[in-house]
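A.B. asks: Take a look at this one; I'll ask things after.
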Amino acid sequence: MERAQEIQALGGWGAILMYEGLKKEISGGNKDTTNNVMEITAVIEGLKLLKYPCDVEVYSDSAYVINTFNQNWLENWKKNGWKNSKKEDVKNRELWEELEELTKIHKVKFIKVKGHSDNEFNNRCDEMAREAIKNL
């Protein structure tokens, strides 16, 4: 049986920051990337915009991002020398390390939302990601 490979292609990300009635939308993309890289990047870029330590709720439809923190995958990877449960190198290590540093600055709660459903903010992020790809 062949393992599924991450496909490198055009990719986009979008994030919406909301605070006390204010809303800021950000997005971007890369020409040679994966969906997982874009999911992690959206969270990183959103957290990087915060000017001081905050309590943050990150809503994402990415089980990869959510489970990395809520299921303690990150801690297990570090304990195992950045190897996953299959004893393979963890993909996107540099991004995970950057995101971990940001979670040390902010108190972050990761919340899973269903993708491509009726969540208006998740749908808007998907729309911004598609727009970012068109602008590459």
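A.B. asks: Which residues, taken from region 21-38, are in a strand (DSSP E or B), at pLDDT 95 or above and either closer than 21 Å to residue 67 by Cβ or touching a Leu at 6+ places or on another chain (Cβ under 6 Å) (or both)?
C.D. replies: Listed by number, the residues that qualify are 24, 29, 33.
A.B. asks: Here are some conditions: (1) more than 16 Å from the chain's Cα centre (by Cα); (2) within 19 Å of residue 25 (Cβ to Cβ). Residue 128 meets all but one. Which one does it not meet?
C.D. replies: (1)
A.B. asks: Here's something else I'd like to know. Might you check whether a residue that is of a type in the set (Lys, Arg) and touching a Leu at 6+ places or on another chain (Cβ under 8 Å) occurs anywhere in region 39-51?
C.D. replies: yes
A.B. asks: From (1) surrounded by 14 or more Cβ atoms within 10 Å (Cβ to Cβ); (2) of a type in the set (A, V, I, L, M); (3) in a strand (DSSP E or B), pick out the condition that doesn't hold for residue 18.
C.D. replies: Residue 18 satisfies every listed condition except (1).
A.B. asks: Among the residues of region 14-66 satisfying the criterion of being hydroxyl-bearing (Ser, Thr, Tyr) and touching an Asp or Glu at 6+ places or on another chain (Cβ under 7 Å), which is farthest from residue 131 (Cα to Cα)?
C.D. replies: Ranking the qualifying residues of region 14-66, first place goes to 64.
A.B. asks: Moving on to the next point. Residue check, residue 74 against (1) closer than 26 Å to residue 127 by Cα; (2) in contact with a Ser or Thr (Cβ under 6 Å, 6 or more places away or on another chain), all met but one. Which one?
C.D. replies: Unmet condition: (1).
A.B. asks: Report every pair of residues separated by at least 6 positions or lying on different chains whose Cβ atoms are under 7 Å apart, first residue within region 93-114 and farther than 17 Å from residue 38 by Cβ, second in a loop (DSSP other than H, G, I, E, B).
C.D. replies: 105/53; 106/50; 106/53; 106/54; 114/61
A.B. asks: While we're on this one: If I go through region 75-128 residue by residue, how many of them are of a type in the set (Ser, Thr, Tyr) and under 23 Å from residue 48 (Cα atoms)?
C.D. replies: 1
The values are calculated or read from the model by the stated rules, or taken from the named source; none is laboratory data. Just so we're clear, the structure is a prediction, and the values are computed from it rather than from any experiment. Every residue, glycine as well, gets a Cβ built from its backbone with ideal geometry; the counts of neighbours run over all protein chains shown.
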